[in-house]
Amino acid sequence: MVTAMLETYPTDTRPTETRPTDTRPAETSATGAEAIERAWAAAERVTDPEMPMLTLLDLGVLRDVQVEDGHVVTTITPTYSGCPAMATMRDDLQRELLEAGFPDAEVRVSLSPAWTSDWITEEGKKALKDAGISPPGAAPARKGPVALTLMPTRRAVTCVLCGSDDVRLSSEFGATACKAMYQCNDCLEPFDHVKEI
């Protein structure tokens, strides 16, 4: 049985006397729909540090924003365990919530359920394509253990520049582990493809 693993990070752990002075009114007891709406709006502005054309919401990483015991709690899920961008995502999310008036906001990292590229929104897929990155197709349906294969994964990929489906895999890993590198055999341009996970 797999249980959810949560890491919790308070927004600002410095003692009150060492925190920067902020003259804006603080949201000391965030309650109600208005607070949740403001917190969602703030959280939705945070972009992915590795693919800045995507917000955390479009990437499917931002899972929840709610109020618990009078303070905002957000939940994010990494694209894969050990994703190096998670610390930056968390810090950017905390900063955005702080600036929106939630000084005691908390960010939780949840590993279960595991992120899937199917969580990328249609707006996110369009933003990827507009940026010259091939968006993922549907993730393969899997149940139980996943067989290890050392062969390249077959994907239905088309060139984002000319639309040709005559492409070749040049590397299973691109600038980030969640992307593969392809080259179009027609226009000869290289491009990244977000893997189906």
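The values are calculated or read from the model by the stated rules, or taken from the named source; none is laboratory data. Note that the coordinates shown come from a computational prediction; the quantities given were computed from them, not determined experimentally. Every residue, glycine as well, gets a Cβ built from its backbone with ideal geometry; the counts of neighbours run over all protein chains shown.
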Count - residues of the range 117-133 that are touching a residue at least 12 places away in the same chain (Cβ under 8 Å) and either within 14 Å of the chain's Cα centre (by Cα) or in a helix (DSSP H, G or I) (or both) = 11
Inspect all residues belonging to the range 94-102 and state whether any of them is surrounded by fewer than 16 Cβ atoms within 10 Å (Cβ to Cβ), part of a helix (DSSP H, G or I) and in the same structural domain as Val61 (by TED's automatic domain parsing).
-> yes
Filter the range 171-196 for residues that are modelled with pLDDT under 95 and hydroxyl-bearing (Ser, Thr, Tyr); which is surrounded by the fewest Cβ atoms within 10 Å (Cβ to Cβ)?
-> Ser171
Hey, does the range 13-27 have a residue that's at pLDDT 95 or above, of a type in the set (Asp, Glu) and either surrounded by 13 or more Cβ atoms within 10 Å (Cβ to Cβ) or assigned to a helix (DSSP H, G or I) (or both)?
-> no
Please find, among Pro136, Pro140, Pro152, Pro145, the residue that is in contact with a helix residue (DSSP H, G or I) (Cβ under 6 Å, 6 or more places away or on another chain) and assigned to a loop (DSSP other than H, G, I, E, B).
-> Pro136
